[in-house]
Ligand SMILES: *Cc1c(COP(=O)(O)O)cnc(C)c1O
């Protein structure tokens, strides 16, 4: 954590104005809108999340002033440092891997955990949510690129088996699915990842009774347009809003 703190201090000195964030946000919104229309939807159907991992608290505060209300963070401790005083104002999601020893804290911070990649994590979350009297939304993370560095379900049969249990936790609502596409500029490969998640999403909704399951979280700065064309309704954007992260190992 010491590196995190040091890094925030360095980044605090970087200047980024509310106007720049607004301009970037509008430009992203414009691209999302075009892609939405191409796929028979409208901009209202799609949520744009600001991913603030590796960026300082000042960026978060400027974003709130710019009217952004949905945020994503990768790490529980970093999220706690930056957001504990803002939770009444914004909706915060965890989009990075959740370790079980951080589950209790996670329950108090996040409205949604987008990175459920195994049953055990959900079990622990449910337990803490119960003791804190909270309900939490979860997304199932699927590793569509099969890259070994990425988390997420790869075995569909296993996911189907675990869905039987995941759908029944008293404090957790399965509200959708999330993926990180392949690390590539190859449009066809990216599209394949997104199509795969969309199909899985549709199949699972057919097979299970999941009335609240409607989020398809896919697309980041370099691939969100393709993701929306392929059905994404939640894009997670960091770099395109705030610029390049320095020295962040996420
Ligand atoms: C960092 C991150 C993002 C945002 O990535 P950018 O390329 O900066 O837009 C989105 N989703 C997840 C899971 C991430 O870890």
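Counted by neighbouring Cβ atoms within 10 Å, the residues 159, 241 run from fewest to most as 159, 241. Based on C-alpha pairs under 8 angstrom that are at least 6 apart in sequence, the chain has a relative contact order of 19 percent. Among 150, 29, the ranking by other beta carbons within 10 Å of each residue's beta carbon, starting with the fewest, stands as 29, 150. A crude spin-label estimate for the pair residue 246 and residue 33, with each label 7 Å from Cα along the Cβ direction, gives 3.4 nm.
Taken over the Cα atoms of the stretch 58-171, the convex hull encloses 113 Å³ per residue.
With the highest mean first, a sort of the peptides 133-139, 18-24 on other beta-carbon atoms found within 10 angstrom per residue produces 133-139, 18-24. Using the empirical formula 2.2 N^0.38 Å as the baseline, the Cα radius of gyration of the chain reaches a ratio of 0.97. Protection proxy ranking, highest mean first, for peptides 224-230, 68-74: 224-230, 68-74, where packing is the per-residue count of other beta-carbon atoms within 10 Å, averaged.
No value in this document is a laboratory result; all are computed from the given coordinates. Note that the coordinates shown come from a computational prediction; the quantities given were computed from them, not determined experimentally. Glycine also receives a Cβ, built like all others from the backbone with ideal geometry; neighbour counts cover every protein chain displayed.
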